[in-house]
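Read the structure below first, then the notes.
The values are calculated or read from the model by the stated rules, or taken from the named source; none is laboratory data. Remember, predicted model here, so these are calculated numbers, not experimental data. Using ideal geometry, Cβ is built from the backbone for each residue, glycine included, and neighbour counts are taken over all protein chains shown. Protein only, heavy atoms only, side chains kept; ligands, DNA and RNA dropped before computing areas. Shrake-Rupley method; radii C 1.70, N 1.55, O 1.52, S 1.80 Å.
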Amino acid sequence: MNAFTNGSPTPLSDRDRTAADTPETPAAGRRWKRWAAGLAVAAPLVLGGCNFYPSYGASRGSTTQGQDTFKLYSGMMTTGIIVGGLTGLLILYTILRYKRRSETMPKQFHESIPIEILYTGIPVLIVAALFFFTVITENKVDATVPFAAKVTSTGSPVVDVKVTAFQWGWRFDYPNDNVSVSGDVTNGPQNHGPQMVLPYGQTVQVTLVSNDVIHGFYVRDFNFSRYALPGVVNVFDLNIVRAGFYPGQCTQICGLYHSEMLFSVRAVSPAQYQSWLQSEVASGHTMKRTPEPATNTPPPYDHVTHSNALAAPASKKGSL
Amino acid sequence: MTTTIESPDLIEPEEPGGPDGHGHGELAHEEAHEHHGPHGILNWLTSTDHKVIGKSYMITALVTFFLSGAMALVIRAQLANPTSSLVNFQTYNELFTMHGSLMLYLFAGPFAFGGLANYIVPLQVGAPDMAYPRLNALSYWLYLGGASMMTLSFVVAGGAASFGWVAYAPLSNSINSPGAGTDMWLMSLGLTGFSAIFTGVNLVATIFYLRAPGMTMFRVPIFSWNMLVTGILILIAFPVLFGAVVMLFCDRHFGTHIFSVQGGGVPVLWQHLFWFFGHPEVYILALPYFGIVTDIIPVFSRKPLFGYRGMVFATLSIAALSTGVWAHHMFTTGVVLLPFFSLLSYLIAVPTGIKFFNWIGTMWGGQVSFQTPMLFSMGFLFAFLMGGVTGVLLASPPVDFMTHDTYFVVAHFHQVLIGTTVFAGFAGFYFWYPKMFGRMLSERLGKLHFWFLFLGFWITFMPQYLLGLKGMPRRIADYLTTNGWTGLNQLSTVGAFIIGFSFLFFFVNLVSSWRKPVAAGDNPWDGGALEWFTSSPPPHHNFTHLPPIRSERPTWDYNHPEHRKDESHGDKRHREHEKETETVGASS
Ligand code: HEM
Ligand SMILES: [Cu+2]
Ligand SMILES: [Cu+2]
């Protein structure tokens, strides 16, 4: 992020200026030198710094996986802008250049094999390169700590969380610590649904399931989503890099209250995480005590009262 | 059957039930039937003429388009502010499901293959009608039934289907979607599916067997080529959809458990079956529109198509690849082989790129004029370019993980779909309207339509990319003020209403062409394919005579004999072989 400030052209001292080799116009030469020096400093910083990966509207990622995905996205977007931009400019140029100006009949040519081979070959190379980088990133994003490694690992143990998506809410179980947090649409959207507290700097292994319909587990700042698919157990790892509040939401249409199926992730330090676990156990949020949420029974829906009753304060909760 | 190539004299068209004596029996019968058949509205309703059926198809498809467009405006109005209360959740879910379903199943496909292609393909290949005219009529009536069924499902108890146009199991099962609306949705898919299959059969048979003497496969205009490939894709894809629909229906009503975990079934099987149909369907929707643009650009550039053979090759390879990429819609399920589907998806970019450069090459060195059909074609180029570039991004599983089911994808597929079905679709409409009705549309109103559409298009969909990247999921009816999505949503809504507004010019244009008709003549654009050789509108069996066919632009060759030498791909060897090919073409 500092590339711009660090990389701005450094003014040369007077001594440098007099020492500067001067061609015909001394002033011009000096200016040239100054820019060259500035560029020499700035280029590696700009290219090597984070601005090599413009964000193009996306999150830079708050997990290592999300950061890898972001870099791939950014690089592909840059490629897309260059290739698409050049093609677009070529179309625009053709339109302006060959706009009909006279009624003479243009030359009736049909094809040009070398050019056609060229514009078949170059795209093949481009997509081959994109595929190469895709596979590299995909392997990083998809890598999970295997079960055997988990039980024997020392130092930075893996945190297991089981996420159950249901109509219309989420349950987060921490099987190793007997903690369970859940919440559904009746809680209202104000606090952004149930919260999954996780430590940063440690590997978190999420096991994602659904017992009713398909849901989508999606956290924007993790640059990641995965279906909660009935009959399938999906496992993925998250390595959160910094503390923060990360809103998440169901992305796969799952029925009436799909729009309200919010949740959030709060990343805290491992020490805070441990004390959070203890306070949850103390306040009785244990796995046994949390009843299995009723699934497949849509709450009575009032077709007259507006859905946005949900967004209103507690008084309306009863109408669900 | 053999024609004299060197003479510019006109030849007699192949008569129905012509010399080779088979394949046209039904046609001959139809002809007799038509001539003595009923008149007026009854004639229209019972007609088996491809031109009448084509027009019925187009009108019906346009009605569903405007209905569905109106729903889109309601959806956009709802999203214009975070806690809008225009419609409730249930209605919202029904609206986006019906919007998507009407657009894809009932407008985009049928408008292209039932409407434009039905009308134009027999003309382009010099045939008197489709190969199976009665099957063609049946196709329309099934389609009309399907369209009515889908639209009417809004009024049944429980409302219309509300699970999105993809109907993922188990949301679409009888527990989660108990209403009759879902069954009507399924039946509508069954009916329109069969109507598509019948039209597909007709297109393939017509293009393979009813070409005029001299029209070898490599002289078939690209629009018809693309319709041939579309027809083949329909025959591959739609039976799978029908199978899936029947299975889901059995799950809903006859106690099977094909898609339910509880009974030992596999929900994700629905996705495999659906997308095995769904991705080829994407190209069933796109190829006809590519064909339209490919026919329009040479006409307005006064040049032959650049890279005709490359274009055919590109279309064939897109079609082949499109049957092997279905699971790129399922990257986030966690149960598909990512690299395989990613690689094949990437590869589709190559033939698509070839098409782009062929279109540019066609304009290159030409005398390009920008009448309404050409303007819309240019709109297509830019829209599809933008949608195509973001499509390449989505072929990458990690990038798909970060954007799947967000507005990024909504923006992507609308740019692709509107580029094809709306920009290219209306390009075709403006292009062929004079042929179909013998009257011109106003250039001024056409251009106004274009510019407002073009403006509205970018304002509607560019902000949606950003919304997706800022985390807005698709298919949600409301959002939080704290999400920070409000401004971009409002911009998008403004754009949508500009798109809606642009169609007023279209309506005025239609009405004024009926109030104050301007005669079109046979060939208002100096077009090259055979449809421009006959009168506007064409007579009952299309042609009274045909020009000799020695390139993909027989009408152009006939009207510009001085440039004929450059034709036949400028290849002397090729011209010597011409006579031989001619005979082969005629007897096929
Ligand atoms: C004319 C301007 C159009 C506007 C303003 C528009 C707007 C919208 C909106 C707001 C949605 C809902 C997105 C969501 O909630 O996830 C949507 C969904 C969709 N639209 Fe459009 N649309 C337009 C044209 C089209 C066209 C021409 C097609 C296809 C040919 C199309 C196909 C779809 C599909 C397939 C969906 C997804 C439905 C689903 O989620 O199941 N739209 N559109
Ligand atoms: Cu959902
Ligand atoms: Cu696809």
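I want to make sure I understand the PRE zone here: with the label point 7 angstrom from the Cα of B:T256 toward its beta carbon, which residues in region B:169-189 have backbone N atoms less than 18 Å away? In region B:169-189, the label zone of B:T256 (backbone N under 18 Å from the point 7 Å along Cα→Cβ) covers B:169-175, B:183-189. Within the shell of other residues whose beta carbon sits under 15 angstrom from the beta carbon of B:N483, the net charge comes to 0, with Lys and Arg scored +1 and Asp and Glu -1. Note on region B:90-123 and region B:262-276: Cα centroid distance 25 Å, given to the nearest whole angstrom. The calculated Kirkwood hydrodynamic radius for region B:255-330 is 15.0 Å, given to one decimal from all distinct C-alpha pairs. One Cα centroid belongs to region B:388-446, the other to region B:173-239; the line between them spans 20 Å. Estimated at 0.36 nm per residue, the fully extended path between A:Q272 and A:M105 surpasses their Cα-Cα distance by 52.3 nm. Note on B:T482 and A:L125: their simple-model spin labels are 5.1 nm apart, each label 7 Å out from Cα toward Cβ. Could you state the angle between the C-alpha long axis of helix B:308-322 and the longest principal axis of the C-alpha atoms of chain B, as a value from 0 to 90 degrees rounded to the nearest 10? The angle comes out at about 30 degrees. Note on A:L118/A:S55: beta-carbon distance plugged into 1/(1 + (r/R0)^6) with R0 of 41 Å gives a FRET efficiency of 0.75. For the Cα trace of chain B, dividing Rg by the Kirkwood Rh returns an Rg/Rh value of 0.97. Accessible area of A:K71 (1.4 Å probe, protein heavy atoms only, ligands and nucleic acids ignored): about 90 Å².
Heavy-atom accessible area, probed at 1.4 angstrom with all protein chains present, ranks B:D557, B:D522 as B:D522, B:D557, highest first.
Exceeding 29 Å between C-alpha atoms, which entries from my cross-link table qualify? They are A:K99/B:K516; A:K99/B:K435; B:K303/B:K516; B:K447/B:K470; B:K355/B:K435. In this structure, A:K99/B:K516; B:K303/B:K516; B:K447/B:K470 lie more than 29 Å apart at Cα. Shown for region B:276-321: residues covered by the partner protein chains by 20 Å² or more of accessible area relative to the chain by itself (probe radius 1.4 Å), namely B:R302, B:K303, B:P304, B:F306, B:G307. On C-alpha positions alone, give me the angle between the axis of helix B:407-417 and the longest principal axis of chain B, in degrees, nearest 10. In chain B, helix B:407-417 runs at an angle near 20 degrees to the longest axis. So which residues of region A:192-224 lose at least 20 Å² of accessible area, probe 1.4 Å, when you go from the chain by itself to every protein chain present? Checking the loss per residue gives A:H192, A:V213, A:I214, A:Y218, A:R220, A:N223.
One equal scatterer on each Cα of region A:83-237, no solvent, Debye formula: the resulting log10 I(q)/I(0) at q = 0.08, 0.10 Å⁻¹ is -0.49, -0.62.
When all protein chains stay in place and ligands, DNA and RNA are ignored, the 1.4 Å accessible-area order of B:F501, A:F131, largest first, is B:F501, A:F131.
Measuring between their Cα centroids, region A:179-251 and region B:508-556 lie 60 Å from each other. Simple spin-label estimate for A:T207 and A:A243 gives 3.1 nm between the two label positions (7 Å along the Cα-to-Cβ direction from each Cα). The label-point distance for B:E443 and A:F133, in a model that sets each label 7 Å from Cα toward Cβ, rounds to 4.6 nm. Of the accessible area of region A:158-299, computed with a 1.4 Å probe over protein heavy atoms only, carbon and sulfur atoms account for 51 percent. In the context of the full set of protein chains, chain B has a per residue accessible area of 32 Å² (1.4 Å probe).
Surface composition of chain B: carbon and sulfur atoms hold 69% of the protein heavy-atom accessible area at a 1.4 Å probe. Accessible area per residue was computed with a 1.4 Å probe on protein heavy atoms; B:H541 scores about 30 Å².
Sorting B:R76, A:R97, A:R60 on solvent-accessible area from highest to lowest, probe radius 1.4 Å, gives A:R97, A:R60, B:R76.
Go ahead and run the numbers for FRET between B:H540 and B:F208, Cβ-Cβ distance against an R0 of 30 Å, rounding to 0.05. Efficiency, from the Cβ-Cβ distance: 0.80.
Compared with the dominant Cα axis of chain B, that is its longest principal axis, helix B:180-209 is turned about 20°.
Under the Kirkwood approximation for Rh and a Cα-based Rg, what ratio Rg/Rh is obtained for region A:158-299?
0.93
For B:L375, the shell of other residues with beta-carbons less than 14 Å away shows a net charge of +3, using +1 for Lys and Arg and -1 for Asp and Glu.
Return the residues of region A:94-111 for which accessible area with all protein chains present is lower than in the chain on its own by 50 Å² or more; set the probe to 1.4 Å and exclude ligands, DNA and RNA. Those residues are A:T94, A:I95, A:Y98, A:R100, A:M105, A:P106, A:Q108, A:F109, A:H110, A:E111.
Solvent-accessible surface (1.4 Å probe) assigned to A:Y200 amounts to roughly 70 Å².
In Å² (nearest 100), what accessible area is buried between B and A, both sides summed, heavy protein atoms only, 1.4 Å probe?
So the buried area, both faces added, is about 7900 Å².
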